[in-house]
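To keep things clear, I will list the structure first and then write my remarks on it.
The values are calculated or read from the model by the stated rules, or taken from the named source; none is laboratory data. None of these values were measured; they are calculated from a predicted model. So basically every Cβ, Gly included, is an ideal-geometry build from the backbone, and we count neighbours across all protein chains shown. Quick note on the areas: whole protein, heavy atoms, side chains included, nothing else; ligands and nucleic acids left out. Shrake-Rupley method; radii C 1.70, N 1.55, O 1.52, S 1.80 Å.
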Amino acid sequence: MAMRVVALAGNPNVGKTTIFNALTGMRQHVGNWPGVTVEKKEGVFEHRGERFLVVDLPGTYSLTAHSVDELVARNFLLNGNPDVVVNVVDATSILRNLYLTMEIFEMGLKNVVIALNKVDLAEKKGIRIDPVKMSKALGVPVVPLSAKEGVGLEELKEKIWEMAHGKIKTSPVLPRYDPEVEREIKHISKCLEGTKLAERYPLRWLAIKLLQRDDEVMKLVLRHLGEEKLREIMTHISEAEERYGRAMDLIIAGQKYEFIDGLTHEFMSYGKTGETLTDQLDRILVHPVYGFLAMAFVFYLVFKFVFAFGMPLQGLLDEAFSSFGSWLAPHIGNETLRGLLVEGIVSGVGSVLSFFPLVFLLFLALSFLEDLGYMARVAVLMEGILRKFGLPGKAIIPLILGLGCNVPAVMATRTLDEEKDRLVTMFVNPFIPCSARLSVISFLVGVFFGGNALVAVSIYALAFAVALLSAKLVSHFVSGEESPFVIELPEFLLPSARSLLLHSWERSKEFVKKAGTVILLGSVLIWYLSNYPVPMGSGRSYAERLGHLFAPYLGLMGLDWKAGVSLLFGVIAKENVISTYGVLYGSVDAIRSAMTPLQAYVLAVVTTLYIPCIATIAAIRTESNWKWALAVTSYMIAVASLLGVVIWHLGQLLGL
């Protein structure tokens, strides 16, 4: 028997992911929606002996196709045939959240359950909501819950089961507009009656979306009814807008909010409340001076946390792989096979996998800040600065995602409204040090600087500075309009440990997958090039030949041919820089004795800023084109080379 499908819809920051994790636990799968690079999360839960497939839709404020997230969510609700739609509503922001609810109702969906989340927080803010009256007003069941505390989840499962089995009759309330607007809706509906579109979609919904000039619905009319019919409808809408003196989109949105406001009076009231902790914290965290000081301190603590706890664990894992290699070597008689397994695979892959604790802890810290609500404050703080450098305020989200991995960060630029914003953000995003480059930075900082977090912070600061200056430069060569900055500041809430661990594991497990695929192949290739046609040391191995080819160029930065080999294989995956050094030198002590701290710092900077990995280049090409991907690659090589030369010679002048 096929599993029944549950669609989880809601605004950003309403606790939708918390509910998804609470329902599904570890039974999750993360992929991409067909045809786009938006993340698709699915999970399974059981109730009354039956399995349900939960699909976590992208968080959206509306279902008008202005962004790919809205389009993905809308298409699934319209065409995915979910058995139940769970609309997660934030009890502290009822008015804004019910706008999406009304759009779901207008799509003709009746199998809706409202998950009224954060009711405990709403009560603390003096907001009183009667779930029974709310259910009666909306015409669908309402389940009050606090997902963070695990309260109400069993009741939600039961309502999902009842809805899926037809045990609940619903009558969703539809927004009513002024007579003039209703007249326009009726007129366009009549134009569409009897057509193929009317057989597939609700007429009223089609009419409203056409009045709002929804691009995708206009394309549907063009494809099914022809250009003449579309021109007739849009001409009528333009004439109506001239009569009203405003865009129909604005008129409909305003009247929809008025309808929702009147509806909320039937089930919601406000009591007296004082200033909340969030209000008090925001006075500091979004302050034009104290906010930046707080941000610097917060991210210093992040790196301190990652290095303080991650380095000892990294050392233990590195020692474990080294011991395993030493144990394995005597058991393999064939010299070639022994070299491949011990020196190539165990040494190369092991040196990368030993940094998994650092990667996991970085994702853990970022997930904590994100779920806490602090990342939204960072976006507000950075808005003014980013605008000065030709970036929109929302670009801070892809830039922060880049700290984990540049591939999803590049994909996240799709959420930006303007093409210019997407291209510029995409161009500079690879300068942001990802978790792979963190492993290189932490290795060099640990070996040559005793794990000093300030050294790592200086490299990250330099990378961000280069990204901003590059954005300022590139924005002059890309035409387009600036988009407005709109972002919600959610209440500060301590995330649950379970949710944090799930988020962190989902993100960091890609590091392990990469170690078992790309890095494994890279390590084998490195070992082969280092040992054939003769082992290194003779100057005739393939690796030495490649390295010596780049030696004059790298010599300008104080680096030798071995750095050239490492950087070359780092294009496959940045972690290969470490695995290459592991293969070429054989031990950390050998690396330490072969380089000075200044050379190590130059190598860290160049690794951070030079050509992005293959996966990132491919993502840029997918999101733009080959020309843009090649432009990014060429520019990064030039910048990394220039800074490498400057830092090396400046360091020598200062006697470092």
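Quick notes
- Accessible surface of the chain, 1.4 Å probe: 61 percent of it comes from carbon and sulfur atoms.
- Selection from S135, L386, Q599, by position along the positive dipole direction of the chain (Cβ): Q599
- Dipole magnitude (debye, nearest 20) for region 313-463, charges at Cβ of Lys, Arg, Asp, Glu: 380 debye
- For region 418-435 versus region 72-139, the gap between their alpha-carbon centres in whole angstrom: 34 Å
- Since only V84, L281, L500 are under comparison, the one whose Cα sits farthest along the positive direction of the charge dipole of the chain, derived from C-beta charges on Lys, Arg, Asp and Glu, is L500.
- A dipole drawn for the chain from +1 and -1 charges on Cβ atoms has a positive end, and of F299, P430, S579 the residue lying farthest that way is S579.
- For K472, net neighbour charge (Lys/Arg +1, Asp/Glu -1) across residues whose Cβ lies under 13 Å away: +2
- C-alpha center-to-center spacing [region 314-328, region 619-638] in angstrom: 38 Å
- Sorted peptide list for 423-430, 90-97, 442-449, criterion being average Cβ within 10 angstrom, highest first: 423-430, 442-449, 90-97
- Bridge orientation summary for the chain: considering DSSP beta bridges with both residues in this region, about 45 percent are antiparallel.
- Report note on the peptides 127-140, 252-265: ranked by the mean count of other C-beta atoms within 10 Å, highest first, their order is 127-140, 252-265.
- Cα centre as origin, Lys/Arg/Asp/Glu Cβ charges: the chain dipole, Debye: 660 debye
- Other residues lying with their Cβ under 14 Å from the Cβ of A147 contribute a combined charge of -3, Lys and Arg counting +1, Asp and Glu -1.
- FRET efficiency for the R246 to S458 pair, using the beta carbon distance and R₀ = 45 Å, is estimated at 0.30.
- Dividing the helix sum by the residues of the chain, where each DSSP H run of 4 or more adds -39500 (n - 2.57), gives a mean residue ellipticity at 222 nm of -19500 deg cm²/dmol.
- Once the Cα atoms are used to define both axes, helix 356-372 deviates from the longest principal axis of the chain by about 30 degrees.
- Taking Cα atoms only, the orientation of helix 518-531 departs from the longest principal axis of the chain by about 20 degrees.
- Label zone at F477, where the point sits 7 Å out along the Cα-to-Cβ direction: region 621-639 residues whose backbone N lies under 17 Å: 621, 624-639
- Part-to-part distance (alpha-carbon centres) for region 153-191 and region 201-267, which is given in Å: 18 Å
- Between T264 and E239, the FRET efficiency from the beta-carbon distance, with R0 = 35 Å, is close to 0.50.
- Nearest-0.05 FRET efficiency for K186 and D215, computed from C-beta distance (R0 22 Å): 0.40
- Extension gain from R498 to Q652, taking 0.36 nm per residue of separation minus the Cα-Cα distance: 50.5 nm
- Net dipole in debye of region 390-435 [+1 Lys, Arg Cβ; -1 Asp, Glu Cβ; about Cα centre; nearest 20]: 80 debye
- Listed by chain and number, the lysines whose C-alpha is less than 17 Å from the C-alpha of K509, apart from same-chain residues fewer than 8 away, are K40, K41, K574.
- Segments 312-318, 163-169, 203-209, 581-587 sorted - mean Cβ within 10 Å per residue, highest first: 203-209, 581-587, 312-318, 163-169
- Between helix 179-192 and the chain: long-axis angle, C-alpha atoms, 0 to 90°, nearest 10: 70 degrees
- Where the chain is the region considered: accessible area per residue in Å², 1.4 Å probe: 43 Å²
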